[in-house]
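The block underneath contains the structure these notes are about, expressed in structure tokens.
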Amino acid sequence: MTRRVLPALFAALLLAALPTAARAQQLVADLTSHLVAITTGFTGASVVLFGAVDGGGDIVVVVRGPEHETVVRRKSRVAGIWLNTRSVAFANVPSYYAVLANKPVEDIVPANLRQLHEIGFDNLKLNPAEKAKPGDVVSFRAALIEEQQRSGLYNKQPGQVNFLGDRLFRASLDFPATVQTGTYLVQVFLVRKGDIVAAQTTPLIISQTGLEADINDFAQNRSLLYGLVAVAMAAMAGWSATFLFRNA
């Protein structure tokens, strides 16, 4: 059985397992996995979103990573040296952002709804964390999005949602190796004639596992002891190198 068929089968089984009342819903969607484990040698991951619609329509998917404050800095040449001379801090910046649809988003969702649901880069609410000049906000905001795109954390073009027949759909959610840990929200919108008639939000957890998780937990919860151990290990490594060179 191919990978393309499996999500369609999952969606069909999901619909069949629902009670009659729930089956009347216009949109049902889920993920093949709700956990992405970051282990040694992690090079990225893909999770399949699958679902079904009742009555037809178009599908738009928005994936958002954990939000945090981000500072964007601009360097200028001062006395022959490049220095950070200006900066703007933005609050509630998604660490990951992707949009997927079965058609161009502009042809599916009108501008007012794209703005309301933050669909597309132009509609992301990236507000400055402190007072800043309007001109700086615009240019630094564009620089922030461009940098996230270069890092593979913001998709430059909308991804593809594929329909399998009239009711079933699937999409591949791709995450790069640099993806941050935390809870991600996968929003699925069913759109008909320019109106969002149904929506569903599904969480996805990206978490470290194994030795990396233990070290990270140790560093965060016992920072003083972690620092002492790190210094001791560095000193031992330096002493070992000196000893080896003396005996070379």
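So, of the residues in the range 175-200 that are part of a strand (DSSP E or B) and polar (S, T, N, Q), which turns out to be nearest to the chain's Cα centre (by Cα)?
Looking at the filtered set, the residue picked out is Thr183.
Please indicate, with yes or no, whether at least one residue in the range 102-113 is among the β-branched types (Val, Ile, Thr), surrounded by 15 or more Cβ atoms within 10 Å (Cβ to Cβ) and within 30 Å of Gln208 (Cα to Cα).
no
How many of the residues making up the range 141-174 are among the acidic types (Asp, Glu) and either part of a strand (DSSP E or B) or closer than 18 Å to Gln187 by Cα (or both)? Explain how you work it out, then say what you get.
Initially, the range 141-174 is screened for residues among the acidic types (Asp, Glu), giving 146-147, 166, 174.
Narrowing further to those that are either part of a strand (DSSP E or B) or closer than 18 Å to Gln187 by Cα (or both): 174.
Within the range 141-174, residues that are among the acidic types (Asp, Glu) and either part of a strand (DSSP E or B) or closer than 18 Å to Gln187 by Cα (or both) number 1.
Looking at the range 37-56, is at least one residue at pLDDT 90 or above, among the aromatic types (Phe, Trp, Tyr) and under 26 Å from Asp122 (Cα atoms)?
No - not one qualifying residue is present in the range 37-56.
If you scan the range 103-124, which residues turn out to be hydrophobic (A, V, I, L, M, F, W, C) and in a loop (DSSP other than H, G, I, E, B)?
Result: Val109, Ile119, Leu124.
Are any residues in the range 148-167 more than 19 Å from Val105 (Cα to Cα) and either surrounded by 19 or more Cβ atoms within 10 Å (Cβ to Cβ) or of a type outside the set (D, E, K, R) (or both), and if so, which ones?
Going through the range 148-167, the residues more than 19 Å from Val105 (Cα to Cα) turn out to be 148, 150-153, 164-167.
Selection gives Gln148, Ser151, Gly152, Leu153, Leu164, Gly165.
Contact list please: Cβ distance under 7 Å, first residue in the range 164-183 and without any contact (Cβ under 8 Å) to a residue 60 or more places away in the chain, second residue assigned to a loop (DSSP other than H, G, I, E, B) and buried (at least 16 other Cβ atoms within 10 Å of the Cβ), pairs at least six apart or on different chains.
Once the first residue is without any contact (Cβ under 8 Å) to a residue 60 or more places away in the chain and sits in the range 164-183, its partners that are assigned to a loop (DSSP other than H, G, I, E, B) and buried (at least 16 other Cβ atoms within 10 Å of the Cβ) give Thr178/Gly152; Thr178/Leu153.
For the range 147-167, which residues satisfy the criterion of being at pLDDT 95 or above and of a type in the set (A, V, I, L, M)?
The answer is Leu153, Val161.
Cβ-Cβ under 8 Å, sequence separation 6+ or interchain: first residue in the range 24-53 and buried (at least 16 other Cβ atoms within 10 Å of the Cβ), partner among the basic types (Lys, Arg). Which pairs?
Val48/Arg3; Val48/Arg170; Leu49/Arg170; Phe50/Arg170; Gly51/Arg170; Ala52/Arg167; Val53/Arg167
The values are calculated or read from the model by the stated rules, or taken from the named source; none is laboratory data. Because the structure is predicted, anything quoted here is derived from the model rather than measured. Cβ sites come from the backbone with ideal geometry, for glycine too, and all protein chains shown count toward neighbours.
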